[in-house]
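These notes concern the structure reproduced below.
The values are calculated or read from the model by the stated rules, or taken from the named source; none is laboratory data. Not measured: the values here are computed from a predicted model. Neighbour counts are summed over all protein chains in view; Cβ atoms, including those assigned to glycine, are modelled from backbone coordinates with ideal geometry. Heavy atoms of the whole protein, side chains included, go into the accessibility calculation; ligands, DNA and RNA do not. Shrake-Rupley method; radii C 1.70, N 1.55, O 1.52, S 1.80 Å.
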Amino acid sequence: MTIHQMQEEILRLKQEQDVCILAHSYQAREILEIADFTGDSFQLSLKAASAPQSRMLLCGVRFMAETVKILSPKKQVLLANGAAGCPMAEQMDKALIRQVKERYPDYTVVAYINTTAELKTLCDVCVTSSSAVDICRKLPDKRILFIPDCNLGDYVAKQVPDKEFKLLSGGCPIHARVNAADVQRARREHPGAAVLVHPECIPEVLEQADFIGSTSAIMQHAAQSAESSFIIGTEVSIVEHLSYQCPDKRFYPLSKNLICPNMKLTSLPDVYQALQGGGEEIHLDKETLCKARACIDRMLELG
Ligand code: 13P
Ligand code: SF4
């Protein structure tokens, strides 16, 4: 079967089975092409909440599928490849957060959406990379414990200087790989190109960037900008997607190491198999669903 034939079959099966396919922007092009919705974590969570279909198929990593389940508990939610996890989401467990909360009892716990459903049950509000600054500003609370990404947390803290932030040592091992020397080297290799980076990168990288934003903010900025060449400081798939979307512009990866192996696990055959009894169904108990939902609802209310 060719890729095109498999895509046609997937489109037919998803229609027949009333399935909504959600794909994160770091997925491969052939998957984005058959998805009902594509986007960053925030956009996918909004679409998941309003999609009318009775079954949801998530192409991305586990915490994203859990978020879909939390928002649509009555629907069947499948993760196309059950092995796809996010090392950042799994970095901190409930015991650690309980301890930290005891130490800082008057801090509001703000959780990046890249956390497990279990961890969300201990948090007050969720944020995504595109909503974090806005939500932390809007929160009435002055003291914020931001978990798990200290790079995103540091970026937010700098944008919201009137609040007091506590950060823990955690983050995305992929985005944290790039350093200031990578930015200097990329600028030397591509003179004049604008540097667009994700706030999961370390502060030394953000300081040298021309633009900082979530995956979709980077994509939007590159598409709308009058500039013609860009160095992309997020997962390399975005370089490929932007090159396809904006054929008149030039895109270069900030580093060839910006590859998330977990995001690469899902293949088109996985999606095809998920529609034929494969994939992994997400199950969350009632208490987890209810408590994790409260902190996502708070994000949606404030966002
Ligand atoms: P966004 O899609 O929210 O920019 O997050 C990036 C990411 O690392 C997702 O896993
Ligand atoms: Fe997790 Fe980083 Fe991969 Fe996103 S890019 S899924 S945050 S490891």
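All Cα-Cα distances of the range 135-281, cut into 10 Å bins from zero to the largest, leave 11, 34, 29, 20, 6, 0 percent in each bin in turn.
The order of D134, D154 by accessible area, most exposed first and with a 1.4 Å probe, is D134, D154. Remark: the S267-D134 segment gains 44.4 nm on full extension, using 0.36 nm per residue and subtracting the alpha carbon distance.
Positive end of the dipole of the chain (Cβ unit charges, origin at the Cα centre): among S229, T215, T115, the Cα lying farthest that way belongs to T115. Loop-located trypsin sites (Lys or Arg not before Pro) in the range 104-213 (DSSP state not H, G, I, E or B) with no more than 13 neighbouring Cβ atoms inside 10 Å: K142.
A straight Cα-to-Cα reach below 25 Å connects K74 with the lysines K14, K47, K120, K286, K291, residues fewer than 8 places away in its own chain not being considered.
Here r is the Cβ-Cβ distance between H190 and Q220 and R0 is 30 Å; the resulting FRET efficiency, rounded to 0.05, is 0.90. Based on C-alpha pairs under 8 angstrom that are at least 6 apart in sequence, the chain has a relative contact order of 22 percent.
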